[in-house]
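Input: a single structure, listed below in structure tokens.
The values are calculated or read from the model by the stated rules, or taken from the named source; none is laboratory data. Just so it is clear, the model here is predicted, and its values are computed rather than measured. Every residue, glycine among them, receives a Cβ derived from its backbone with ideal geometry; neighbour counts consider all protein chains shown. What goes into the accessible areas is simple: the full protein's heavy atoms, side chains included, and nothing from ligands, DNA or RNA. Shrake-Rupley method; radii C 1.70, N 1.55, O 1.52, S 1.80 Å.
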Amino acid sequence: MASEGEGTRDMAAPPEPSAFHRAYEEGVHAPWDIGRPQADIVALAEAGAFHGDVLDVGCGPGDNAIFLAARGHAVTGLDMVENALSKARTRAERSSVSVQFVRGNALELEMLGRTFDTVLDSGLLHVFGSEMRPRYVESLSRVVRPGSMYHALVWSDKEPGTEGPRRLSEAEIRAAFASGWKVRQIRPARFEHMLGGKGYAEAWLVSIERTGSSISAAV
């Protein structure tokens with residue numbers, strides 16, 4: 001899932017949930033819904049980067065989750081928008097693939113009551129401003145364990161202009177995961193979209209390993 005029209009502002013709160021709900025209303029096509037998995041995520045999977053049970057956080061219409069499930073992973077897709085999940089379930093059924101799609105808040109991942117070997121984030125991290133980003137990383141910490149991997153596709157500060165989501169710098173990403181995580185790679189990538197123009201935004205492909213212990217849901 002990606003935010004729309006937030007420019008480069010570093011807001012304390014993410015966009016209003018209604019903005020995401022409107023993106024999935026009947027007759028509206030969310031610009032991040034390209035109808036297939038992101039090419040850089042496909043390449044990452046083919047390189048063997050996904051292991052065990054996978055959480056796709058902010059899964060949107062589910063194409064990345066469905067792709068990973070078709071490769072044999074047990075995948076849980078989480079999103080806050082029921083219409084997005086409805087689309088995802090329909091696409092999974094058409095693909096004869098089993099994915100558990102769950103409605104929930106990415107800032108409250110402990111509600112899932114379990115941990116995962118790999119977490120995928122395609123276009124969610126850049127939704128959060130500098131004040132909210134630590135809450136998101138803390139939430140991630142509740143559903144992984146040492147050795148678990150977090151992979152993210154994030155709009156980069158190398159993308160010109162102000163249209164579309166917030167851009168993040170490599171330094172901002174490293175700062176967000178400075179405690180209890182080890183950055184394995186941050187490399188240039190492309191975030192494909194339906195906003196027109198060249199059809200993609202300059203992005204970072206991020207792989208970060210959890211090194212600290214999982215945070216208890218009781219904390």
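General remarks:
- Residues of the range 169-209: accessible area per residue with a 1.4 Å probe, Å²: 49 Å²
- GluC sites (Glu not before Pro) within the range 131-182, DSSP loop, no more than 12 other Cβ atoms inside 10 Å: Glu131
- Counted residue by residue at 0.36 nm each, then reduced by the alpha carbon distance between them, the extension gain from Arg187 to Leu107 reaches 26.2 nm.
- Cross-link partners for Lys198 among the lysines, with Cα-Cα distance under 28 Å and sequence neighbours closer than 8 places in the same chain left out: Lys87, Lys158.
- Solvent-accessible area, 1.4 Å probe, carbon plus sulfur percent, for the range 125-199: 49 percent
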